[in-house]
Amino acid sequence: MIEKDTVKLLRECDAGVKMGIDSIEDVLGCVESDKLRDRLINCKDEHERLNSSIQKLLDKYHDEGKDPNPVAKGMSWIKTNTMLTMDRSDSTVANLMTDGCNMGVKSLNRYLNQYKAADEVSKDITKKLINLEEKLAIDIREFL
């Protein structure tokens, strides 16, 4: 049961971290403020470091991981592009990113509760990802 829950939790982290990286990449070209750009790039770098750790653990379990849900990814892309077409500003970027962070935190906490038998290393990675999302949402509030 531990291995099964561990792999499932790692898969969800894998999908979440990929979604976070893609979302940041989607908005970076619209950012005007150097300060906001730096925060987003730093967060993306942290996501990529966590992704590396997740991939190593998934390899250990001989698992391919998981891509973000195509419907969720598509809906995110549509929302991002629609909102940025109407208002291409740092405020819109911050609003979109805050919504994404909040959804990520909610989902990751749900998976952390769902896969209680996962090993502590995987739970710690999940908590790091949650903290990273929470921190970004706080760090970009001044741009809302």
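Quantify how much of the Cα-Cα distance distribution of the stretch 6-85 extends past 18 Å, in percent.
Counting every Cα pair in the stretch 6-85, those more than 18 Å apart make up 49 percent.
Tilt of helix 34-60 relative to the longest C-alpha principal axis of the chain, in degrees (0 to 90, nearest 10)?
Here the helix axis deviates by roughly 20 degrees.
Please compute the per residue accessible area over the chain with all protein chains in place, 1.4 Å probe, rounded to a whole number of Å².
56 Å²
Say a paramagnetic label sat at a point 7 Å from the Cα of Asp119, along Cα to Cβ; which residues of the stretch 59-83 have their backbone N under 17 Å from it?
From the stretch 59-83, the list is 59-65.
On a 28 Å Cα-Cα criterion, which of the cross-link pairs Lys35/Lys73; Lys56/Lys79; Lys35/Lys116 come out too long?
In this structure, Lys56/Lys79; Lys35/Lys116 exceed 28 Å between Cα atoms.
To the nearest 10 degrees, how steep is helix 70-86 against the longest Cα principal axis of the chain, on a 0 to 90 scale?
10 degrees
Quote the convex hull volume per residue of the chain, based on C-alpha atoms, as a whole number of Å³.
Each residue corresponds to 90 Å³ of Cα convex hull volume.
Just how large is the dipole of the stretch 1-83 about the Cα centre, in debye to the nearest 20, putting +1 at every Lys and Arg Cβ and -1 at every Asp and Glu Cβ?
In debye, rounded to 20, the stretch 1-83 gives about 160.
Using a Förster distance of 25 Å, how high is the FRET efficiency between Lys35 and Ala72, based on the Cβ-Cβ distance and rounded to 0.05?
Plugging the Cβ-Cβ distance into 1/(1 + (r/R0)^6) gives 0.30.
From the residues Val121, Leu144, Ser91, which one has its Cα farthest along the dipole of the stretch 41-144 in the positive direction, the dipole being from +1 and -1 charges on Cβ of Lys/Arg and Asp/Glu about the Cα centre?
Of the candidates, Val121 comes out farthest on the positive side.
Count neighbours as other Cβ atoms within 10 Å of each site's Cβ, and list the trypsin sites (Lys or Arg not before Pro) in the stretch 69-117 that are DSSP loop with at most 16 such neighbours.
Counting only loop positions with at most 16 other Cβ atoms within 10 Å, the trypsin sites (Lys or Arg not before Pro) in the stretch 69-117 are Arg88, Lys116.
Could you please state, rounded to a whole Å, how far the C-alpha centre of the stretch 103-127 is from the C-alpha centre of the stretch 82-100?
Between the Cα centre of the stretch 103-127 and that of the stretch 82-100, the gap is 28 Å.
FRET efficiency for Ser89 and Asn42, Cβ-Cβ distance as r, R0 = 25 Å, nearest 0.05?
About 0.75, to the nearest 0.05.
Leaving out ligands, DNA and RNA, and with a 1.4 Å probe, what % of the accessible surface on the chain is carbon or sulfur?
Exposed carbon and sulfur together represent 52 percent of the surface.
How much accessible area does Glu25 have with a 1.4 Å probe, in Å² rounded to the nearest 10?
90 Å²
Can you grab the distance from the C-alpha centre of the stretch 25-45 to the C-alpha centre of the stretch 1-23, Å, no decimals?
Spelled out, the Cα-based centre of one part sits 24 Å from the other.
The values are calculated or read from the model by the stated rules, or taken from the named source; none is laboratory data. The model shown is predicted, which means the values in this text are computed figures rather than measured ones. Positions of Cβ are backbone-derived with ideal geometry, glycine not excepted, and every protein chain shown enters the neighbour counts. The accessibility values were calculated without ligands, DNA or RNA, using every heavy atom of the protein model including side chains. Shrake-Rupley method; radii C 1.70, N 1.55, O 1.52, S 1.80 Å.
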